[in-house]
Every structure is written in structure tokens, then in C-alpha cells.
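Visitor: Please see the structure below; I have some questions.
The values are calculated or read from the model by the stated rules, or taken from the named source; none is laboratory data. Everything quoted here is computed from the prediction, not taken from an experiment. Using ideal geometry, Cβ is built from the backbone for each residue, glycine included, and neighbour counts are taken over all protein chains shown. SASA here: full protein model, heavy atoms, side chains in, ligands and nucleic acids out. Shrake-Rupley method; radii C 1.70, N 1.55, O 1.52, S 1.80 Å.
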Amino acid sequence: MFFFSLTYKKPLQEVEKFLSEHNQYLETFYEKEKFVFSGRKIPRIGGVILCTASNLEEAEKIYHTDPFYKEGIAEYNIIEFQPTKMNEMFKQIVSH
């Protein structure tokens, strides 16, 4: 699994211009069952996404299609991890 941490590099006014396209990007990967959750950071300086890519190469291909990435709106920090302890609900997600 991969934790994507996005940090905005441009003002919120620029972020808002690409928000609709970014939401379409999110929907695409939710439909493909690659994203588990996503949301804004508080304060609103970026966002986070939990991604179920099978390897780093796939994770990079996924985030490289984000309009926020392509337009230089946000910087991605990727953390690969393997869940080892979790509640029952998350176990169902991981084993899916």
C-alpha cells in the first residue's frame, strides 16, 4: 500500500482551477479500486490518498496522471507501507 501526501505548491486560487479535474482523477481510481480514501489536510495545505497499488512503479503511474501533479499544483510525497496490525473493517479492505 501507498500513502500519498500532497502539498500544494501554488495558492488555493490555482488549486481551485484544477479541483474538478482532480476530482475526476480521484473517481477514476476509486472505480478501479486503487484508492481507499482521500481528503484535505487541515489546514488546507494539501491532501492525502491511500492507494492500493501493487508496487512503486504502479503508484507512480497513478499519481503522474493527477492534474495537480501534471500542472505543478501539488508535490507528492509517497510512503510505501505494509499494514501489519489493523481492525476488522480495514482487514476486509486489505484482503480485497
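Visitor: Do we find a residue being in contact with an Asp or Glu (Cβ under 6 Å, 6 or more places away or on another chain), closer than 18 Å to Ile79 by Cβ, surrounded by fewer than 17 Cβ atoms within 10 Å (Cβ to Cβ) and touching a residue at least 12 places away in the same chain (Cβ under 8 Å) anywhere in the range 47-54?
Guide: So in the range 47-54, the residues in contact with an Asp or Glu (Cβ under 6 Å, 6 or more places away or on another chain) come out as none.
Within the range 47-54, none of the residues are in contact with an Asp or Glu (Cβ under 6 Å, 6 or more places away or on another chain), closer than 18 Å to Ile79 by Cβ, surrounded by fewer than 17 Cβ atoms within 10 Å (Cβ to Cβ) and touching a residue at least 12 places away in the same chain (Cβ under 8 Å).
Visitor: Of all residues in the range 42-60, which are more than 12 Å from the chain's Cα centre (by Cα) and not aliphatic (A, V, I, L, M)?
Guide: Selection gives Pro43, Arg44, Ser54, Asn55, Glu57, Glu58.
Per-residue answers, yes or no, for (1) in contact with an Asp or Glu (Cβ under 6 Å, 6 or more places away or on another chain); (2) open to solvent by 70 Å² or more (accessible area, probe 1.4 Å); (3) part of a loop (DSSP other than H, G, I, E, B); (4) not aromatic (Phe, Trp, Tyr):
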site	(1), (2), (3), (4)
Leu6	no, no, no, yes
Lys10	no, yes, yes, yes
Glu14	no, no, no, yes
Gln24	no, yes, no, yes
Glu27	no, yes, no, yes
Val36	no, no, no, yes
Gly39	no, no, no, yes
Pro43	no, yes, yes, yes
